[in-house]
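Worksheet: one structure, shown below.
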Amino acid sequence: MDEQEKSNEIVEVKDASGELQRQKEEAMKQKIEARKKALVDLVIRQTDYDEDKAMIKLIEWNYNYLNVIKEYMNPNFQNVKKKEKTGTKNQMIYGEIRSFMDDVNKQALWRKRQKEKLEKKREAYIEYLKKQQEAQQKQDKDK
């Protein structure tokens, strides 16, 4: 009798966990559908697509609404050609020298600013120590 009751309890637990799993899956499906509906609404607001065309475009772009809107604004947004720098060897050499010197200048300015910040912190700390020392001396005189 005990074994049969235990097996019934196990079956009930399995059924309850199966039901819980089914409820979780159903809730997840509802959330996904709500998200898809929100994406369709967003695309409709940003474009002049109707609901069917917005859904087709979202599926085409794997639910990436940014790409759908970009495609609406510029159908060839993925075909942007990058301009190659062409020039003589002399132009390329001077360009490299210029960029190197710019980097050196930026680093020097950064180090200068860091040094100034450190100096200000030192001055503030020295001032703090002086005030603390004066307060200590004042307390000593009062005693």
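Throughout, read-outs are computed from the coordinates displayed, never taken from laboratory work. Owing to the predicted nature of the structure, the values given are computational and were not obtained by experimental measurement. Reconstructed Cβ throughout: ideal geometry from the backbone, glycine too, with neighbour counts over all protein chains shown.
Please pick out the residue among N67, N105, N90 that is part of a helix (DSSP H, G or I) and surrounded by 11 or more Cβ atoms within 10 Å (Cβ to Cβ).
It is N67.
The set of residues from segment 40-64 being assigned to a loop (DSSP other than H, G, I, E, B) and surrounded by 12 or more Cβ atoms within 10 Å (Cβ to Cβ) comprises T47, Y49, W61, Y63, N64.
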